[in-house]
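Before any comments, here is the structure.
The values are calculated or read from the model by the stated rules, or taken from the named source; none is laboratory data. Just so you know, these numbers come straight off a predicted model, no measurement behind them. Positions of Cβ are generated from backbone atoms using ideal geometry, with glycine treated the same way; all protein chains shown enter the neighbour counts.
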Amino acid sequence: MNRQIVKLFGLVVVLFAVLIAFTSYWAVFDAEALKDKRANVRPLLEQQQIKRGRILAADGTVLARSVAPVAPSWRPGGRHELAFVDRGGRVVVVDTDTRRRHWRAQRLPEVVGLNWTNDGRRLLVLSAYGLRVYEGRGRLAVHREAPDAGRFTDAAFIPGTHRVVLLRNAGDVVLLDTRRTIFRGSGLASVIPSPTGGWLLVTWPRADQWVFVGSGGRLRAVADVTGQFHSRSGFPRVEGWCCR
């Protein structure tokens with residue numbers, strides 16, 4: 001056999017062995033790190049195979065099947081318009097009375113939250129890797145991408161405004177328009193503005209605290225939250241504020 005052919009065959013064998021080694025490393029030893037990579041589409045494909053609930057119109061007509069595991073959000077106002085995430089990861093706004101779809105956005109991987117402004121003019125869509133704000137007719141008004149090594153944890157509109165407060169990397173609470181950090185900690189979980197917008201509740205499971213951030217940098221902390229609520233299932237989950 002020709003010597004050059006032998007060398008070429010040997011090179012192919014070596015390259016194939018290296019490929020097998022790297023593939024085995026990614027699949028076995030580095031599986032957890034690979035799972036969190038935004039370029040990894042396998043979690044999305046797996047989610048699309050899961051059968052979930054349906055969304056029905058007022059007359060019982062099925063508007064959507066097997067929607068994503070994200071709480072839908074009713075648009076404020078007199079019309080019955082609902083924003084939800086379909087199984088493909090696209091945000092859809094539909095009139096549940098007329099069954100008319102107003103608009104549908106491009107896919108955003110791993111959407112975790114939908115939130116309308118009080119006036120119903122803007123919709124906040126949050127994922128671990130990006131944040132988008134759409135105007136009422138579906139035009140993209142704000143678009144932010146998380147850094148390569150970062151993630152977005154939570155976000156919300158400040159009531160009565162179109163301003164967004166963002167929790168990054170479970171550690172930095174930032175006003176999106178000014179990029180000003182208003183609170184910082186390690187292991188923060190969520191941000192919940194008060195109905196008047198005067199206070200921001202930051203939940204902090206790692207410290208077992210609720211921290212209230214007010215205008216002008218005022219801080220009020222409530223310690224031993226788990227003990228005060230006599231919780232047996234861990235740190236209490238905040239669903240929202242009660243009253244104005």
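Residues are listed down the side, and each one gets a yes or a no for (1) at pLDDT 70 or above; (2) assigned by TED's automatic domain parsing to the domain that holds Arg137; (3) of a type outside the set (Phe, Trp, Tyr); (4) closer than 28 Å to Pro147 by Cβ:
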site: Arg3; (1), (2), (3), (4): yes, no, yes, no
site: Ala17; (1), (2), (3), (4): yes, no, yes, no
site: Lys51; (1), (2), (3), (4): no, yes, yes, no
site: Thr61; (1), (2), (3), (4): yes, yes, yes, no
site: Ala68; (1), (2), (3), (4): yes, yes, yes, yes
site: Ala71; (1), (2), (3), (4): yes, yes, yes, yes
Check your understanding: Is it the case that Val173 is under 22 Å from Leu124 (Cα atoms), touching a residue at least 24 places away in the same chain (Cβ under 8 Å) and in contact with an Asp or Glu (Cβ under 7 Å, 6 or more places away or on another chain)?
Key -> no
**Study point:** Yes/no for Arg232 being modelled with pLDDT of 95 or more, more than 25 Å from Trp116 (Cβ to Cβ) and of a type outside the set (Gly, Ala, Ser)
**Key:** no
Review point. Do we find a residue being at pLDDT 90 or above and farther than 22 Å from Val213 by Cβ anywhere in segment 144-165?
Key: yes
Practice item. Determine whether segment 98-111 contains at least one residue that is under 24 Å from Pro193 (Cα atoms) and assigned by TED's automatic domain parsing to the domain that holds Leu56. Key: yes
**Study point:** Scan of segment 153-175 for residues that are assigned to a loop (DSSP other than H, G, I, E, B) and buried (at least 17 other Cβ atoms within 10 Å of the Cβ), ordered by number
**Key:** Ile158, His162, Ala170
Exercise for review: Look at Gly187 and say whether it is part of a loop (DSSP other than H, G, I, E, B) and under 20 Å from the mean Cα position of the chain (by Cα).
Suggested key: yes
